[in-house]
Amino acid sequence: MLFEVDGLRGANVPPVSFALPPGEVLTVQGESGVGKSQLLRALADLSPHEGEVRLDGVEQQAMPATQWRRQVGLVPAESGWWAETVGAHFARRPSETWWERLRLRPALWEAPVERLSSGERQRLAVLRALMLQPRVLLLDEPTANLDRDNAAAMAEVLLTFVREHDAAAVWISHDPREVSAHARRWLEMTPEGGVLHESV
Amino acid sequence: MNLYSLTPFDLALAAGLVLALGVIQVLLGLGLFRSLAVNSVRMVLQLLLVGVILEAVFDAATLPWIALIAVVMMGLAGYEVVARQKRAIRGWHGYGIGLAAMSATALIVTVLALSFMIDADPWYTPQYAIPLLGMILGNTMTGIGLALNNLTQTAWQSRREIEARLVLGHSVREATAELRSDSMRAGLIPTLNMLAAAGVISLPGMMTGQILAGSPPIEAVKYQILIMFLIAAATGFGSLIAVQLGARRLFDGRDRLRLDRLRR
């Protein structure tokens with residue numbers, strides 16, 4: 001198993017267990033406030049929690065936090081930008097194909113962050129995370145601020161990444177149709193805990 | 001030249017000025033009379049109390065007494081540092097960080113100055129030790145308070161930016177580099193202003209006091225220069241230590257930003 005979650009629970013996270021083989025995308029659904037985003041934060045080890053999370057059999061707490069987060073990449077619903085220009089947030093410039101596939105203007109590389117639209121921010125935040133080539137992606141509504149064409153392009157980029165890199169993804173989505181065709185199972189979050197369902 | 005001793009009548013005359021201000025405020029309906037009166041009385045009582053204590057300590061002039069005074073001053077300063085922060089670090093850590101930063105700088109700088117620069121005999125002669133510690137501590141306390149306030153407030157406001165770096169695998173050091181240098185700067189600004197204004201815009205209190213007491217101006221200036229350097233060093237090192245300790249306390253062993261450790 002690539003990614004195993006065993007009895008994870010936290011202050012705002014109901015108990016959850018699941019295991020993902022390479023290539024699987026698990027969608028997460030549930031009412032707002034049930035703890036979906038908090039679940040992703042715990043998986044990225046951003047907030048205190050109980051239970052075990054393993055990547056390739058190695059327990060989260062047995063690995064330096066920086067190393068864990070590079071391999072288990074979280075893209076929060078609202079991205080943070082600490083420097084002035086877009087380029088300063090990347091270790092190196094993504095190749096032209098990335099810009100094309102995400103339908104982003106390459107000129108944005110030098111643009112000040114404050115001039116980005118919310119959709120551009122969201123796509124650049126995903127791109128920033130993908131550049132680290134994580135083994136597991138934790139996605140918090142990655143298409144929420146995008147119109148239909150851009151949302152489809154984003155879903156395509158993410159699914160292709162997972163397939164080509166033998167990665168896995170935990171994907172919070174309120175529109176399950178965008179990924180259901182590619183997801184074998186989905187996780188329903190309830191106040192009592194997470195319930196796994198087979199996709200129909 | 002001897003110091004002219006003020007009579008109670010002189011003080012009453014000065015108090016009369018404040019009283020006149022109060023009367024005018026009442027006539028204009030400004031309603032500040034009460035707090036002006038309360039704070040004036042409080043000031044007189046505090047200073048008289050300090051005067052009595054200092055007289056007693058100067059007479060005794062033994063190390064344990066002076067050490068006790070120093071400990072009380074440090075304790076109060078540590079409390080002030082926490083009280084001045086909007087989102088101070090909770091519990092003993094918040095108090096301890098300010099106190100540790102102050103003892104490691106104000107205390108050490110004062111002892112160094114007493115032992116190697118001002119050759120008082122013995123080194124803890126209270127006429128030197130207590131005013132010196134008071135001046136250095138007062139400024140260090142302000143600097144550390146500002147630095148920690150900036151640290152905790154900015155961390156609170158820029159949670160998203162800090163966590164954006166953490167999720168990309170940046171270390172706490174990298175993610176807080178700007179936060180820490182900004183907070184250091186915030187702690188040092190009053191000291192920088194003090195250095196720039198010294199003698200030109202403001203006549204420092206200690207120098208003025210020495211001149212009033214009959215010292216030749218150049219002697220008073222030399223003391224003032226010494227004090228300025230001591231204050232700058234103590235405040236700078238104090239802010240540095242407080243910011244490093246404070247920034248560490250904002251994160252736990254798993255490099256998680258723990259804003260729950262701040263007061264709401």
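The values are calculated or read from the model by the stated rules, or taken from the named source; none is laboratory data. If you're wondering where the values come from, they're calculated on a predicted model, not measured in any experiment. Here the Cβ positions follow ideal geometry from the backbone for every residue, glycine too, while neighbour counts run over all protein chains shown. The protein model used for the area step is the full one, side chains on, heavy atoms only, and it has no ligands, DNA or RNA in it. Shrake-Rupley method; radii C 1.70, N 1.55, O 1.52, S 1.80 Å.
Does A:ALA42 fit the bill of being under 19 Å from the mean Cα position of the chain (by Cα), at pLDDT 95 or above and facing chain B (nearest Cβ under 9 Å)?
The answer is no for A:ALA42.
Modelled with pLDDT under 95 and either within 20 Å of A:ASP140 (Cα to Cα) or assigned by TED's automatic domain parsing to the domain that holds A:VAL5 (or both): does that describe A:GLY33?
Answer is yes for this residue.
If you check B:ALA186, B:ALA197, B:ALA177, which single one turns out to be of a type in the set (A, V, I, L, M, F, W, C), at negative phi and within 11 Å of chain A (Cβ to nearest Cβ)?
When all the criteria are applied, what remains is B:ALA177.
If you check A:GLU110, A:GLU78, which single one turns out to be acidic (Asp, Glu) and within 21 Å of A:GLN38 (Cα to Cα)?
A:GLU78
Which members of the range A:137-154 meet the condition of being assigned to a loop (DSSP other than H, G, I, E, B) and over 12 Å from the mean Cα position of the chain (by Cα)?
Once the filter is applied, which keeps residues that are assigned to a loop (DSSP other than H, G, I, E, B) and over 12 Å from the mean Cα position of the chain (by Cα), the range A:137-154 yields A:ALA144, A:ASN145, A:LEU146, A:ASP147.
Would you confirm, using the coordinates I've provided, whether A:PRO76 is open to solvent by 60 Å² or more (accessible area, probe 1.4 Å) and touching a residue at least 24 places away in the same chain (Cβ under 8 Å)?
No.
Please give the number of the condition A:PRO22 fails out of (1) within 18 Å of the chain's Cα centre (by Cα); (2) within 20 Å of A:GLY10 (Cβ to Cβ); (3) not assigned by TED's automatic domain parsing to the domain that holds A:ASP140.
Against the list (1) within 18 Å of the chain's Cα centre (by Cα); (2) within 20 Å of A:GLY10 (Cβ to Cβ); (3) not assigned by TED's automatic domain parsing to the domain that holds A:ASP140, A:PRO22 comes up short only on (2).
Residues in the range B:154-174 that are within 9 Å of chain A (Cβ to nearest Cβ) and touching a residue at least 60 places away in the same chain (Cβ under 8 Å): how many?
Final tally of qualifying residues: 6.
Here are some residues: A:GLU120, A:GLU114. Which one is among the charged types (D, E, K, R) and more than 14 Å from chain B (Cβ to nearest Cβ)?
A:GLU120
Evaluate the following for A:ARG92: is it part of a helix (DSSP H, G or I) and within 14 Å of chain B (Cβ to nearest Cβ)?
no
If you go through the range A:95-108, how many residues are touching a helix residue (DSSP H, G or I) at 6+ places or on another chain (Cβ under 6 Å), in a loop (DSSP other than H, G, I, E, B) and open to solvent by 20 Å² or more (accessible area, probe 1.4 Å)?
The total comes to 1.
Could you please give the count of residues in the range B:205-257 that are of a type outside the set (Val, Ile, Thr), more than 14 Å from chain A (Cβ to nearest Cβ) and open to solvent by 10 Å² or more (accessible area, probe 1.4 Å)?
Number of matching residues: 28.
Considering only the range A:155-185, state which residues are more than 15 Å from the chain's Cα centre (by Cα) and in a strand (DSSP E or B).
Passing the criteria: only A:ARG185.
Quick one: which residue in B:LEU54, B:LEU68, B:LEU11 is in a helix (DSSP H, G or I), surrounded by 13 or more Cβ atoms within 10 Å (Cβ to Cβ) and not charged (D, E, K, R)?
Sole residue among the options that is in a helix (DSSP H, G or I), surrounded by 13 or more Cβ atoms within 10 Å (Cβ to Cβ) and not charged (D, E, K, R): B:LEU54.
A:ALA111 - would you say it is buried (at least 20 other Cβ atoms within 10 Å of the Cβ) and modelled with pLDDT of 95 or more?
Considered against the rule, which asks whether it is buried (at least 20 other Cβ atoms within 10 Å of the Cβ) and modelled with pLDDT of 95 or more, A:ALA111 comes out as no.
Residue under question is A:TRP68, and the condition is that it be open to solvent by 20 Å² or more (accessible area, probe 1.4 Å), hydrophobic (A, V, I, L, M, F, W, C) and modelled with pLDDT of 95 or more; does it hold?
For A:TRP68, the condition - open to solvent by 20 Å² or more (accessible area, probe 1.4 Å), hydrophobic (A, V, I, L, M, F, W, C) and modelled with pLDDT of 95 or more - is not met.
How many of the residues making up the range A:27-45 are surrounded by fewer than 22 Cβ atoms within 10 Å (Cβ to Cβ) and in contact with a strand residue (DSSP E or B) (Cβ under 7 Å, 6 or more places away or on another chain)?
Selection size over the range A:27-45: 5.
How many residues are touching a helix residue (DSSP H, G or I) at 6+ places or on another chain (Cβ under 8 Å) and more than 29 Å from B:HIS93 (Cα to Cα) if we restrict to the range B:57-81?
3
Looking at (1) surrounded by fewer than 18 Cβ atoms within 10 Å (Cβ to Cβ); (2) over 22 Å from A:LEU146 (Cβ atoms); (3) facing chain B (nearest Cβ under 10 Å); (4) within 17 Å of the chain's Cα centre (by Cα), find the lone condition where A:PRO48 falls short.
Checking A:PRO48 against (1) surrounded by fewer than 18 Cβ atoms within 10 Å (Cβ to Cβ); (2) over 22 Å from A:LEU146 (Cβ atoms); (3) facing chain B (nearest Cβ under 10 Å); (4) within 17 Å of the chain's Cα centre (by Cα), the one that fails is (4).
Quick one: what pairs do we get from the range A:1-12, first residue without any contact (Cβ under 8 Å) to a residue 60 or more places away in the chain, second of a type in the set (Ser, Thr, Tyr), C-beta under 6 Å, 6+ apart or different chains?
A:VAL5/A:SER17; A:ASP6/A:SER17; A:GLY7/A:SER17
Select from the range A:53-73 the residues that are within 14 Å of chain B (Cβ to nearest Cβ), in contact (Cβ under 8 Å) with a residue 60 or more places away in the chain and not in a strand (DSSP E or B) and write down the one among them that is farthest from A:ALA168 (Cα to Cα).
Ranking the candidates gives A:ARG70 first.
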